[in-house]
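Inspection log for the structure reproduced underneath, given as C-alpha coordinates.
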Amino acid sequence: MKVVLFCGGLGLRMREAGERIPKPMVTLGNRPILWHVMKYYSHFGHKDFVLCLGHKADAIKRYFLEYDETASNDFVLKPGAGEVELLASDISDWTITFADTGLRAVVGQRLRAVRPHLAGEQVFLANYGDTLTDADLDRMVERFLASDAVASLLCVRPTYTFHVVQAARDGTVRSVEDVTKADLWMNGGYFIFRESIFDYIEDGDDLVGAPFARLSSEGRLLAFFHEGFWAPMDTLKDKTNLDIMIESGFAPWRVWERQTQREERKTGSPRPT
(Lines give C-alpha, C1' and ligand atoms only; values in the text may rest on other atoms or scores of the structure.)
Protein backbone atom coordinates (compact mmCIF):
# COMPACT_ATOMS: atom_id res chain seq x y z
CA MET A 1 0.00 0.00 0.00
CA LYS A 2 1.11 3.57 -0.59
CA VAL A 3 1.82 5.69 2.48
CA VAL A 4 0.90 9.39 2.51
CA LEU A 5 2.99 11.45 4.93
CA PHE A 6 1.99 15.00 5.83
CA CYS A 7 5.28 16.93 5.96
CA GLY A 8 4.24 20.49 5.12
CA GLY A 9 3.22 22.06 8.43
CA LEU A 10 5.05 24.89 10.18
CA GLY A 11 5.72 22.91 13.37
CA LEU A 12 5.39 26.02 15.53
CA ARG A 13 5.96 24.19 18.83
CA MET A 14 9.30 22.92 17.56
CA ARG A 15 10.59 26.24 16.23
CA GLU A 16 13.51 26.19 18.68
CA ALA A 17 14.84 23.04 17.00
CA GLY A 18 13.48 23.59 13.51
CA GLU A 19 13.82 27.29 12.71
CA ARG A 20 16.03 26.43 9.73
CA ILE A 21 14.60 22.99 8.95
CA PRO A 22 11.06 21.58 8.74
CA LYS A 23 9.80 19.65 11.75
CA PRO A 24 9.98 16.22 10.02
CA MET A 25 13.73 16.82 9.57
CA VAL A 26 14.42 17.29 13.29
CA THR A 27 16.70 14.39 14.17
CA LEU A 28 16.36 11.55 16.64
CA GLY A 29 19.71 9.85 16.98
CA ASN A 30 21.35 10.27 13.57
CA ARG A 31 18.18 10.32 11.46
CA PRO A 32 15.19 12.69 11.08
CA ILE A 33 11.92 11.63 12.72
CA LEU A 34 10.48 11.34 9.20
CA TRP A 35 12.99 8.55 8.48
CA HIS A 36 11.92 6.71 11.65
CA VAL A 37 8.27 6.87 10.57
CA MET A 38 9.11 5.67 7.05
CA LYS A 39 11.29 2.90 8.44
CA TYR A 40 8.33 1.72 10.55
CA TYR A 41 6.11 1.40 7.47
CA SER A 42 8.90 -0.19 5.46
CA HIS A 43 9.28 -2.86 8.14
CA PHE A 44 5.69 -3.94 7.44
CA GLY A 45 6.31 -4.02 3.69
CA HIS A 46 4.89 -0.61 2.73
CA LYS A 47 7.68 1.15 0.85
CA ASP A 48 5.91 3.46 -1.62
CA PHE A 49 5.67 6.91 -0.05
CA VAL A 50 3.94 10.14 -1.05
CA LEU A 51 5.32 13.14 0.84
CA CYS A 52 2.95 16.11 1.12
CA LEU A 53 5.42 18.99 1.18
CA GLY A 54 5.03 22.62 2.13
CA HIS A 55 7.18 24.51 4.65
CA LYS A 56 10.89 24.24 3.68
CA ALA A 57 10.18 21.47 1.19
CA ASP A 58 13.67 21.91 -0.29
CA ALA A 59 15.28 20.60 2.92
CA ILE A 60 13.32 17.34 2.71
CA LYS A 61 14.07 16.90 -0.99
CA ARG A 62 17.75 17.62 -0.46
CA TYR A 63 18.00 15.13 2.40
CA PHE A 64 16.83 12.21 0.28
CA LEU A 65 18.67 13.32 -2.86
CA GLU A 66 21.91 13.40 -0.85
CA TYR A 67 21.03 10.46 1.39
CA ASP A 68 24.06 8.89 3.11
CA GLU A 69 23.57 5.15 3.65
CA THR A 70 26.79 4.90 5.67
CA ALA A 71 25.35 6.99 8.53
CA SER A 72 23.20 4.13 9.84
CA ASN A 73 24.57 1.00 8.16
CA ASP A 74 27.72 -1.07 8.52
CA PHE A 75 30.08 -0.87 5.56
CA VAL A 76 33.53 -1.87 4.35
CA LEU A 77 35.90 0.85 3.17
CA LYS A 78 38.22 -0.65 0.58
CA PRO A 79 41.76 0.68 0.18
CA GLY A 80 42.99 2.61 -2.80
CA ALA A 81 40.05 4.32 -4.45
CA GLY A 82 38.14 4.65 -1.18
CA GLU A 83 35.33 2.45 -2.45
CA VAL A 84 32.55 1.78 0.05
CA GLU A 85 30.80 -1.59 0.19
CA LEU A 86 27.53 -1.36 2.13
CA LEU A 87 26.69 -4.38 4.26
CA ALA A 88 23.04 -3.31 4.52
CA SER A 89 20.77 -0.65 3.06
CA ASP A 90 18.03 1.61 4.38
CA ILE A 91 16.09 3.06 1.49
CA SER A 92 17.36 1.44 -1.70
CA ASP A 93 13.97 -0.24 -2.27
CA TRP A 94 11.84 2.78 -1.30
CA THR A 95 9.85 4.76 -3.86
CA ILE A 96 9.29 8.37 -2.77
CA THR A 97 7.01 10.89 -4.47
CA PHE A 98 7.68 14.51 -3.50
CA ALA A 99 4.51 16.61 -3.95
CA ASP A 100 4.13 20.32 -3.23
CA THR A 101 0.81 20.73 -1.39
CA GLY A 102 1.12 24.40 -0.39
CA LEU A 103 2.69 26.37 2.42
CA ARG A 104 -0.36 26.78 4.64
CA ALA A 105 -2.82 24.12 3.50
CA VAL A 106 -4.62 22.08 6.17
CA VAL A 107 -4.10 18.32 6.21
CA GLY A 108 -7.38 17.50 4.49
CA GLN A 109 -6.48 19.73 1.56
CA ARG A 110 -2.96 18.31 1.38
CA LEU A 111 -4.51 14.86 1.04
CA ARG A 112 -6.80 16.07 -1.74
CA ALA A 113 -3.81 17.59 -3.51
CA VAL A 114 -2.02 14.22 -3.81
CA ARG A 115 -5.07 12.27 -4.98
CA PRO A 116 -3.60 11.92 -8.51
CA HIS A 117 -0.61 10.11 -6.98
CA LEU A 118 -2.98 7.58 -5.39
CA ALA A 119 -4.74 6.54 -8.59
CA GLY A 120 -5.61 2.85 -8.46
CA GLU A 121 -5.03 2.59 -4.69
CA GLN A 122 -8.23 1.19 -3.22
CA VAL A 123 -6.69 1.33 0.27
CA PHE A 124 -3.78 3.47 1.44
CA LEU A 125 -2.07 4.52 4.66
CA ALA A 126 -1.42 7.99 6.04
CA ASN A 127 0.48 9.60 8.90
CA TYR A 128 1.29 13.01 10.35
CA GLY A 129 5.00 12.20 10.14
CA ASP A 130 5.86 13.25 13.69
CA THR A 131 4.59 10.46 15.98
CA LEU A 132 6.12 7.10 16.79
CA THR A 133 4.55 3.80 17.84
CA ASP A 134 5.13 0.06 18.15
CA ALA A 135 1.54 -0.74 17.12
CA ASP A 136 1.08 -3.87 14.99
CA LEU A 137 0.34 -2.38 11.59
CA ASP A 138 -0.48 -5.76 10.07
CA ARG A 139 -3.27 -6.25 12.62
CA MET A 140 -4.57 -2.74 12.00
CA VAL A 141 -4.75 -3.33 8.26
CA GLU A 142 -6.28 -6.80 8.66
CA ARG A 143 -9.03 -5.47 10.92
CA PHE A 144 -9.72 -2.56 8.60
CA LEU A 145 -9.98 -4.73 5.50
CA ALA A 146 -12.44 -7.02 7.30
CA SER A 147 -14.73 -4.05 7.96
CA ASP A 148 -16.75 -1.76 5.72
CA ALA A 149 -15.14 1.34 7.23
CA VAL A 150 -13.86 4.11 4.99
CA ALA A 151 -11.27 5.27 7.52
CA SER A 152 -9.46 3.92 10.56
CA LEU A 153 -7.36 5.75 13.11
CA LEU A 154 -5.00 4.62 15.83
CA CYS A 155 -6.36 5.57 19.26
CA VAL A 156 -3.91 5.98 22.15
CA ARG A 157 -3.91 7.14 25.74
CA PRO A 158 -2.89 10.76 26.44
CA THR A 159 0.82 11.02 27.17
CA TYR A 160 0.74 14.26 29.16
CA THR A 161 -0.39 14.45 32.77
CA PHE A 162 -3.42 16.63 33.49
CA HIS A 163 -6.70 16.40 35.37
CA VAL A 164 -10.10 15.86 33.81
CA VAL A 165 -12.88 17.86 35.47
CA GLN A 166 -16.53 16.83 35.32
CA ALA A 167 -18.88 19.63 36.37
CA ALA A 168 -22.55 20.58 36.20
CA ARG A 169 -23.73 23.62 34.25
CA ASP A 170 -23.88 25.65 37.46
CA GLY A 171 -20.19 24.98 38.07
CA THR A 172 -20.57 22.32 40.75
CA VAL A 173 -17.68 19.91 40.32
CA ARG A 174 -18.67 16.25 40.18
CA SER A 175 -15.17 14.77 39.89
CA VAL A 176 -11.53 15.61 39.29
CA GLU A 177 -9.65 12.67 37.82
CA ASP A 178 -6.09 12.15 36.63
CA VAL A 179 -6.11 11.63 32.88
CA THR A 180 -4.17 8.39 33.27
CA LYS A 181 -7.12 6.94 35.19
CA ALA A 182 -9.85 8.42 33.02
CA ASP A 183 -11.25 6.43 30.12
CA LEU A 184 -9.93 8.83 27.49
CA TRP A 185 -8.47 8.09 24.08
CA MET A 186 -6.88 10.42 21.57
CA ASN A 187 -6.05 10.42 17.87
CA GLY A 188 -2.62 8.80 17.44
CA GLY A 189 -2.08 10.05 13.88
CA TYR A 190 -1.86 6.67 12.09
CA PHE A 191 -4.60 6.29 9.49
CA ILE A 192 -5.90 3.76 6.96
CA PHE A 193 -8.20 4.98 4.19
CA ARG A 194 -10.24 3.60 1.37
CA GLU A 195 -10.23 5.58 -1.85
CA SER A 196 -13.77 6.78 -1.06
CA ILE A 197 -12.37 9.01 1.73
CA PHE A 198 -12.20 11.74 -0.91
CA ASP A 199 -16.01 11.73 -1.10
CA TYR A 200 -16.06 12.97 2.50
CA ILE A 201 -13.51 15.81 2.23
CA GLU A 202 -14.95 19.06 0.95
CA ASP A 203 -13.19 22.28 -0.09
CA GLY A 204 -11.42 23.80 2.90
CA ASP A 205 -11.94 20.80 5.20
CA ASP A 206 -9.21 19.62 7.49
CA LEU A 207 -8.87 15.84 7.80
CA VAL A 208 -10.01 15.30 11.37
CA GLY A 209 -13.13 17.34 11.92
CA ALA A 210 -15.90 17.59 9.38
CA PRO A 211 -14.86 14.55 7.27
CA PHE A 212 -14.55 12.28 10.31
CA ALA A 213 -17.83 13.60 11.68
CA ARG A 214 -19.51 12.63 8.42
CA LEU A 215 -17.93 9.18 8.56
CA SER A 216 -18.84 8.56 12.20
CA SER A 217 -22.46 9.58 11.56
CA GLU A 218 -22.60 6.77 8.98
CA GLY A 219 -20.72 4.25 11.12
CA ARG A 220 -17.81 4.19 8.64
CA LEU A 221 -15.01 5.33 10.99
CA LEU A 222 -13.07 2.59 12.80
CA ALA A 223 -10.87 2.94 15.91
CA PHE A 224 -7.87 0.72 16.61
CA PHE A 225 -7.11 0.94 20.35
CA HIS A 226 -3.44 0.67 21.24
CA GLU A 227 -2.21 0.38 24.83
CA GLY A 228 1.45 -0.01 23.87
CA PHE A 229 4.10 2.56 23.03
CA TRP A 230 3.15 5.81 21.34
CA ALA A 231 4.92 9.16 21.52
CA PRO A 232 4.67 12.48 19.70
CA MET A 233 7.53 14.86 19.01
CA ASP A 234 5.83 18.20 19.55
CA THR A 235 8.34 19.89 21.84
CA LEU A 236 12.05 19.91 22.61
CA LYS A 237 11.27 17.94 25.76
CA ASP A 238 9.68 15.22 23.61
CA LYS A 239 12.78 15.13 21.41
CA THR A 240 15.08 14.90 24.41
CA ASN A 241 13.09 12.01 25.90
CA LEU A 242 13.15 10.11 22.59
CA ASP A 243 16.89 10.71 22.15
CA ILE A 244 17.49 9.32 25.65
CA MET A 245 15.52 6.20 24.72
CA ILE A 246 17.69 5.67 21.64
CA GLU A 247 20.88 6.15 23.66
CA SER A 248 19.68 3.69 26.30
CA GLY A 249 18.98 1.02 23.69
CA PHE A 250 15.25 1.01 24.51
CA ALA A 251 13.40 2.55 21.56
CA PRO A 252 10.13 0.56 21.19
CA TRP A 253 9.11 2.20 17.91
CA ARG A 254 12.17 0.70 16.17
CA VAL A 255 10.22 -2.48 15.42
CA TRP A 256 12.57 -3.31 12.56
CA GLU A 257 15.32 -4.04 15.11
CA ARG A 258 13.26 -6.78 16.76
CA GLN A 259 13.40 -8.89 13.60
CA THR A 260 17.15 -8.39 13.41
CA GLN A 261 17.52 -9.43 17.04
CA ARG A 262 15.39 -12.55 16.49
CA GLU A 263 17.51 -13.53 13.51
CA GLU A 264 20.69 -12.99 15.51
CA ARG A 265 19.41 -15.31 18.24
CA LYS A 266 18.64 -17.99 15.63
CA THR A 267 22.01 -17.79 13.89
CA GLY A 268 24.10 -16.94 16.95
CA SER A 269 25.86 -14.11 15.11
CA PRO A 270 25.11 -10.39 14.72
CA ARG A 271 23.81 -9.04 11.44
CA PRO A 272 24.58 -5.58 10.09
CA THR A 273 21.78 -3.06 10.63
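For GluC sites (Glu not before Pro), the sites in the stretch 201-264 that DSSP calls loop and that have at most 16 other Cβ atoms within 10 Å are GLU202, GLU218, GLU227. Put a plus charge on the Cβ of each Lys and Arg, a minus charge on the Cβ of each Asp and Glu, and nothing anywhere else: the dipole of the chain about its Cα centre is then about 240 debye. Taking every alpha-carbon pair under 8 Å whose residues sit at least 6 apart, the chain reaches a relative contact order of 23 percent. Matching the structure-derived P(r) over Cα pairs in 10 Å bins from 0, in percent against the labelled list (1) 6, 22, 20, 15, 11, 10, 9, 5, 1; (2) 6, 25, 34, 23, 9, 3, 1, 0, 0; (3) 6, 23, 29, 20, 12, 6, 3, 1, 0 gives the label (2). In terms of the mean number of neighbouring beta-carbon atoms within 10 Å, the peptides 188-195, 162-169 order highest first as 188-195, 162-169.
Counting only alpha carbon atoms, the long axis of helix 236-248 and the longest principal axis of the chain meet at about 50°. Distance between the pseudo-spin-label points of VAL173 and ASN73 (7 Å out from Cα toward the beta carbon): 5.7 nm.
Among rounded, prolate and oblate, which fits the stretch 63-217 when a ≥ b ≥ c are the square roots of the eigenvalues of its C-alpha gyration tensor, a/c under 1.5 means rounded, and a/b larger than b/c means prolate?
prolate
Descending by average beta-carbon neighbour count within 10 Å, the peptides 203-213, 41-51 line up as 41-51, 203-213, the highest first.
Among the lysines of the chain, pairs that are 8 or more positions apart or on different chains and have alpha carbons within less than 24 Å of each other number 23.
Between the helical axis of 33-43 and the longest alpha-carbon principal axis of the chain there is an angle of about 80 degrees. Ranking MET186, GLN122, CYS52 by Cα position along the charge dipole of the chain, where only Lys, Arg, Asp and Glu carry charges on their C-beta atoms, puts MET186 farthest toward the positive end. Applying a DSSP loop filter and a limit of 13 other Cβ atoms within 10 Å to the GluC sites (Glu not before Pro) in the stretch 63-155 leaves GLU66, GLU83. Our estimate of slack between ILE244 and ASP100, defined as 0.36 nm per intervening residue step minus the Cα-Cα distance, is 48.5 nm.
Rolling a 1.4 angstrom probe over the protein heavy atoms with all chains in place gives the stretch 109-160 an accessible area of 42 Å² per residue. Extension gain, TRP185 to ALA213, is 8.4 nm, computed as 0.36 nm per intervening residue step minus the present C-alpha separation. The relative contact order of the stretch 136-246, computed from alpha carbon pairs under 8 Å that lie at least 6 residues apart in sequence, is 34 percent.
The values are calculated or read from the model by the stated rules, or taken from the named source; none is laboratory data. Every value quoted in this text rests on a predicted model; they were computed, and no experiment measured them. Positions of Cβ are generated from backbone atoms using ideal geometry, with glycine treated the same way; all protein chains shown enter the neighbour counts. For the accessible areas, the whole protein counts, side chains as well, though only heavy atoms, and no ligand, DNA or RNA atoms are used. Shrake-Rupley method; radii C 1.70, N 1.55, O 1.52, S 1.80 Å.
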